[in-house]
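A quick write-up on the structure given underneath.
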Amino acid sequence: MRDVVRSAVIAIAVAGLTLSAAALSGGSAFAQAKPVSAAAEAVSPADAPVKQIALTEKQIEGVLAAQKHMDALDDKLPDSPNVKPDSRVATELEAISKKSGFASYAEYNTVMDNISLVLSGFDPATKKYIGAEAVLKQQIAAVQADTKMPGKEKKQALDDMNAALQAPAPAIENKGNIDLVAKYYDKLVGALSEGEDE
């Protein structure tokens, strides 16, 4: 039930934030970052396209309200998007989604996919949208420039990021989503980062 593309985009966005922060602080860029291997394992956009929608403030606020509760269920979800969670977890996901203003968990997922798609294109240093490919190239450059990262980790990180670069995120169809996500950027990154850190 989880969308692999969304997970990969979130992983790229969170890894980008961590890499940029570490590079700016002079620390080991990838030592603190979550592995980007999830991006390399992602289904290509042609295989699992994101249903792009025009986001609303109400939807973003709903995601922010639901995120902590959704994160609590994350460990109970199957690793494969083709495997449905057990009925109790599915019922909890639906209840949290509805309590947060969504018609269903499917609608919540569609909104999360769209937010994640936009977030993947934000430069974490400037908090400006530059596109997912440009962000990934910045991350690659930061890892290449990191002299403190062990060689094996550096090679794996570069391999993962280059693989992700080969399957770029689709273009943003609803340009208004960029401005809306920018408005909530700090809150979204904070909420989504908490879930990735656990």
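Considering the stretch 138-194, the residues that are of a type in the set (S, T, Y) and in a loop (DSSP other than H, G, I, E, B) include one that is nearest to the chain's Cα centre (by Cα), namely Y184.
When G176 is tested against (1) modelled with pLDDT under 95; (2) under 15 Å from T56 (Cα atoms), exactly one condition is not met: (1). With the condition kept exactly as written, say whether any residue in the stretch 107-127 is in contact with a Lys or Arg (Cβ under 6 Å, 6 or more places away or on another chain), closer than 30 Å to H69 by Cα and either among the aliphatic types (A, V, I, L, M) or not in a helix (DSSP H, G or I) (or both). There is at least one residue in the stretch 107-127 that is in contact with a Lys or Arg (Cβ under 6 Å, 6 or more places away or on another chain), closer than 30 Å to H69 by Cα and either among the aliphatic types (A, V, I, L, M) or not in a helix (DSSP H, G or I) (or both).
When A134, A103 are checked against the criterion of being touching a strand residue (DSSP E or B) at 6+ places or on another chain (Cβ under 8 Å), surrounded by fewer than 21 Cβ atoms within 10 Å (Cβ to Cβ) and at pLDDT 90 or above, A134 stands alone in meeting it. Residues considered: A164, A169, A191. Of these, the only one that is touching a Ser or Thr at 6+ places or on another chain (Cβ under 7 Å), modelled with pLDDT under 95 and under 27 Å from M70 (Cα atoms) is A169. The single condition from (1) in contact (Cβ under 8 Å) with a residue 60 or more places away in the chain; (2) in contact with a Ser or Thr (Cβ under 9 Å, 6 or more places away or on another chain); (3) hydrophobic (A, V, I, L, M, F, W, C); (4) exposed (fewer than 13 other Cβ atoms within 10 Å of the Cβ) that A145 fails is (2).
Only residues that are surrounded by fewer than 16 Cβ atoms within 10 Å (Cβ to Cβ), assigned to a helix (DSSP H, G or I) and not hydroxyl-bearing (S, T, Y) were counted across the stretch 66-88, and they come to 8. The set of residues in the stretch 69-85 that are in contact with a Lys or Arg (Cβ under 9 Å, 6 or more places away or on another chain), free of Cβ contacts under 8 Å to residues at least 24 places away in the same chain and under 20 Å from K99 (Cα atoms) contains only K76.
The values are calculated or read from the model by the stated rules, or taken from the named source; none is laboratory data. What you see is a predicted model; the values in this text were computed from it and never measured. Glycine also receives a Cβ, built like all others from the backbone with ideal geometry; neighbour counts cover every protein chain displayed.
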